[in-house]
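Student: One structure is given below, represented as structure tokens, and several questions about it will come after.
The values are calculated or read from the model by the stated rules, or taken from the named source; none is laboratory data. In this text the structure is predicted, and so the values were computed from the model without any measurement. Because the Cβ atoms are built from the backbone with ideal geometry, glycine has one as well, and the counts that use them run over all protein chains shown. Heavy atoms of the whole protein, side chains included, go into the accessibility calculation; ligands, DNA and RNA do not. Shrake-Rupley method; radii C 1.70, N 1.55, O 1.52, S 1.80 Å.
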Amino acid sequence: MASSAIRGAGIGLRIPHVQQLLADDSFELPWLEVLVDNWLVDGGLNQHLLKAVSERFALVFHSVGLSLGGPNPLDLEYLRRIKALKKQCGAHWYSEHASFSGNDDFKVADLLPLPYTQEAVMHISQRIKQTQDFLGERILLENVSTYMSCRHNELSEGEFIAAIAKEADCYLLLDINNAFVTSVNLNQSMQSFMDSIPVERVKQIHLAGFHDKGDYLLDAHNHPVAPSVWEAFRTYTQQHGAIPSMIEWDSEIPTLERLLQERQIAADILDAAPTITAHDVESSNTTITDEHANGKENERCA
């Protein structure tokens with residue numbers, strides 16, 4: 001692995017770009033984010049390629065399949081495979097979403113937001129603790145994009161995310177595009193959301209492009225980052241320092257060269273941000289070294 005720390009601007013590793021990244025030694029990327037769901041089949045070509053990528057680039061893991069806010073028991077086999085692959089590739093941390101994806105009767109291929117209630121805070125926090133005990137490290141929790149509000153909400157989204165981070169003692173992945181999409185769709189203040197997020201827990205930032213559907217914004221990851229999102233990113237990093245950030249582009253995937261152009265914009269903004277050493281995040285910083293790491297993989301698994 002090229003670096004012992006995650007710094008600067010990265011990109012999401014997408015399968016169409018893997019061979020080019022491995023074949024061309026001129027690419028000097030500080031790190032890559034791996035959507036781990038695409039790589040979980042034991043053995044085979046994909047894991048061979050991912051191991052080769054991990055020998056050249058620093059990696060972090062991200063997933064969409066855990067359904068942290070769901071009602072069903074956590075899928076410990078899914079977590080076992082993530083844990084094993086993370087160890088194999090030396091990935092620095094693992095992130096998931098503050099969402100759910102169905103129940104016993106239905107599953108959806110989407111990240112559904114939770115109601116912003118104290119009950120939901122306690123529910124997802126308990127499941128995050130279980131996940132962290134199983135993995136032996138703290139995870140990063142990401143805010144999702146939303147398209148409607150729940151009439152039972154007791155908290156704002158920012159208060160909800162902050163309460164979970166405190167209760168679960170987890171880190172945060174701040175998705176600035178998701179925050180912007182939600183603010184437009186629900187006619188809410190993005191600044192209020194950003195101000196509610198405890199920056200000391202933010203270990204990573206996501207940037208992506210949305211699709212303007214006319215009467216709402218869709219978090220489609222199929223366009224360049226919008227000017228309004230770039231501006232929010234610039235403002236946030238000027239206030240809080242150069243937090244590791246990356247570009248997500250998952251649909252209508254561009255050439256690697258085009259993706260790297262987008263990454264360079266993020267890199268330039270981070271280079272102009274004040275240096276705050278707390279965000280030079282060593283991989284060991286997510287490791288749980290207290291009693292949570294000692295033999296708790298099977299606790300709270302019922």
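Student: What residue, of 49, 85, 135, 140, is farther than 27 Å from residue 182 by Cβ, of a type outside the set (Ser, Thr, Tyr) and open to solvent by less than 10 Å² (accessible area, probe 1.4 Å)?
Tutor: On the way: 49 fails: open to solvent by less than 10 Å² (accessible area, probe 1.4 Å); 135 fails: open to solvent by less than 10 Å² (accessible area, probe 1.4 Å); 140 fails: farther than 27 Å from residue 182 by Cβ.
Checking each option against the conditions leaves just 85.
Student: Moving to a separate point now. Among what's in segment 215-234 and is open to solvent by 60 Å² or more (accessible area, probe 1.4 Å) and of a type in the set (Asp, Glu), pick the residue that is farthest from residue 266 (Cα to Cα).
Tutor: Checked segment 215-234; the qualifying residue farthest from residue 266 (Cα to Cα) is 215.
Student: OK, next. Restricting the search to segment 235-250, which residues are open to solvent by less than 50 Å² (accessible area, probe 1.4 Å) and of a type in the set (S, T, N, Q)?
Tutor: Scanning segment 235-250 gives 237, 245.
Student: In segment 164-189, what residues are touching a residue at least 40 places away in the same chain (Cβ under 8 Å), under 24 Å from residue 93 (Cα atoms) and surrounded by fewer than 20 Cβ atoms within 10 Å (Cβ to Cβ)?
Tutor: The answer is 167, 169.
Student: Out of the residues in segment 63-78 that are in contact with a strand residue (DSSP E or B) (Cβ under 9 Å, 6 or more places away or on another chain), under 16 Å from residue 39 (Cβ atoms) and without any contact (Cβ under 8 Å) to a residue 60 or more places away in the chain, state the one that is most open to solvent (accessible area, probe 1.4 Å). Outline the logic, then answer.
Tutor: Taking segment 63-78 as the starting set, the residues that turn out to be in contact with a strand residue (DSSP E or B) (Cβ under 9 Å, 6 or more places away or on another chain) are 63-72.
Then keep just the ones that are under 16 Å from residue 39 (Cβ atoms); that gives 63-66.
If we keep only those that are without any contact (Cβ under 8 Å) to a residue 60 or more places away in the chain as well, we get 63-65.
Values: 63: 0, 64: 61, 65: 44 Å².
That would be 64.
Student: Looking at residue 153 and the list (1) in a helix (DSSP H, G or I); (2) farther than 24 Å from residue 35 by Cβ, which single condition is not satisfied?
Tutor: (1)
Student: Only one of (1) under 27 Å from residue 74 (Cα atoms); (2) open to solvent by 50 Å² or more (accessible area, probe 1.4 Å); (3) acidic (Asp, Glu) fails for residue 212. Which number is that?
Tutor: (1)
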